[in-house]
Amino acid sequence: MLKVSNVETFYGQIQALKGINLEVQEGKIITLLGANGAGKTTTMKTLAGLLKPKKGQVEFLGENITGLRADQLLRKGIALVPEGRAILSSMTVLENLEMGAYHRKDKTIKEEIDEVMKRFPILEERQTQMAGTLSGGQQQMLAIARALLSKPRLLLLDEPSMGLAPLIVADIFQIIKEINEAGTTVLLVEQNAKQALKIADYGYVMETGKVIIEGEAKSLLEDPRVVEAYLGRK
Ligand code: ATP
C-alpha cells in the first residue's frame, strides 16, 4: 500500500532522515520504534506531507506521491494524528470533529460524526464541552476520531499513548486494534514498544535517521537487540 524508498529529509542543514526504506501492507498495523531523536516524528511528518523529502520516493496505492502537500495526501487517504494531538482546545468537541471533515463536501458528515461518537461515547457525552477541558486520554480519542472523519485508508499515529496513565494507554491500544479491524491500515509510532509490538504485524526500529532492524512483530518481541534496548524496562 505504502512504499518508502531511500527517503532523506532535512531541517535546513540538519539531516534527520538518512535514507529510510519501509513498507506498509494494506490491512496491517505497522509500528515504528526507536529512541528519542531517531527520526520517527520526521518520518511521519514526511509521509503526511508536512515536510518535503529532499531525496527518495514515496508510493501510495501504486502512485508516486513524493512531495505532495498534507491536504493533497489527506484527500488520497493518508491522515496523521500528530504527536501532542493538536486538538483545538478553545473549540468544542463537536467543532473539533467538524474540522476533521472540513475538506469533504458530501452531506453524510453529520451521520458520520454521529457514528464516530458511537464508537467514542465519551465524546458524545462531552460534545458541547471545550476540548481543552478533556482529560489527556479523551483528547487523544478526539484527535483519533477527528482523523477518522477524513475516512483515511492509512492512519498515521504519532505516539498516541504519550503522557497517558497505564489504564488509559490500554484503552488507546484497544481502540487502535478496533480501527484496524474495521479496515483502516495503521502506521504507529510508539515509545511503548512492548504494547505496540503486541498489536502490530510488523515493526521497524530506527536509530539516528535510519532503519536498523525490521521484522515480524512477534519476532521483534524476542529479538535480543530489541529486548535489551527497548523492552528491558518492563
Ligand atoms: P521523539 O520521540 O523525541 O519525537 P523522534 O524519533 O520522533 O524523536 P524526530 O523528532 O524525528 O525524532 O527528530 C529527528 C532528528 O531531527 C533529531 O536529531 C532532532 O533533533 C532533529 N529535529 C527534529 N525537529 C527539528 C527541527 N524542527 N529543527 C531542527 N532539527 C530537528
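Things to note:
- Members of the stretch 1-11 found to be within 13 Å of the ligand (Cβ to nearest atom) and in contact with a strand residue (DSSP E or B) (Cβ under 8 Å, 6 or more places away or on another chain), listed by number: 7, 8, 9, 10
- The set of residues in the stretch 12-23 that are within 16 Å of the ligand (Cβ to nearest atom), assigned to a strand (DSSP E or B) and without any contact (Cβ under 8 Å) to a residue 24 or more places away in the chain contains only 14.
- Every residue from the stretch 24-46 that is assigned to a helix (DSSP H, G or I) and in contact with a helix residue (DSSP H, G or I) (Cβ under 8 Å, 6 or more places away or on another chain): none
- In the stretch 195-213, residue surrounded by the most Cβ atoms within 10 Å (Cβ to Cβ) [restricted to those that are among the charged types (D, E, K, R) and more than 16 Å from the ligand (Cβ to nearest atom)]: 201
- Annotation: of all residues in the stretch 128-180 being of a type in the set (D, E, K, R) and assigned to a helix (DSSP H, G or I), the one that is surrounded by the most Cβ atoms within 10 Å (Cβ to Cβ) is 146.
- Unmet criterion (only one of (1) of a type in the set (Val, Ile, Thr); (2) surrounded by 13 or more Cβ atoms within 10 Å (Cβ to Cβ); (3) at pLDDT below 95) for residue 108: (2)
- Only one of 18, 45 that is in contact with a strand residue (DSSP E or B) (Cβ under 9 Å, 6 or more places away or on another chain) and closer than 27 Å to residue 227 by Cα: 18
- Residue within the stretch 45-59 that is buried (at least 18 other Cβ atoms within 10 Å of the Cβ), closer than 30 Å to residue 122 by Cα and within 15 Å of the chain's Cα centre (by Cα) present: yes
- Selection within the stretch 24-79 - more than 16 Å from the ligand (Cβ to nearest atom), of a type in the set (S, T, N, Q) and within 25 Å of residue 192 (Cα to Cα): 25
- Within the stretch 144-190, the set of residues being within 16 Å of the ligand (Cβ to nearest atom), over 10 Å from the mean Cα position of the chain (by Cα) and touching a residue at least 60 places away in the same chain (Cβ under 8 Å) comprises just one member, 162.
- Residue list for the stretch 196-208, restricted to those being under 18 Å from the mean Cα position of the chain (by Cα) and either within 15 Å of residue 36 (Cα to Cα) or part of a loop (DSSP other than H, G, I, E, B) (or both): 200, 201, 204, 205, 206
- Checked against the criteria, residue 95 does not count as assigned to a loop (DSSP other than H, G, I, E, B) and either modelled with pLDDT under 95 or within 22 Å of residue 141 (Cβ to Cβ) (or both).
- For the stretch 71-81, taking the residues that are within 30 Å of residue 133 (Cα to Cα) and modelled with pLDDT under 95, the one that is surrounded by the fewest Cβ atoms within 10 Å (Cβ to Cβ) is identified as 71.
The values are calculated or read from the model by the stated rules, or taken from the named source; none is laboratory data. All values reported here derive from a predicted model rather than from experimental measurement. Glycine also receives a Cβ, built like all others from the backbone with ideal geometry; neighbour counts cover every protein chain displayed.
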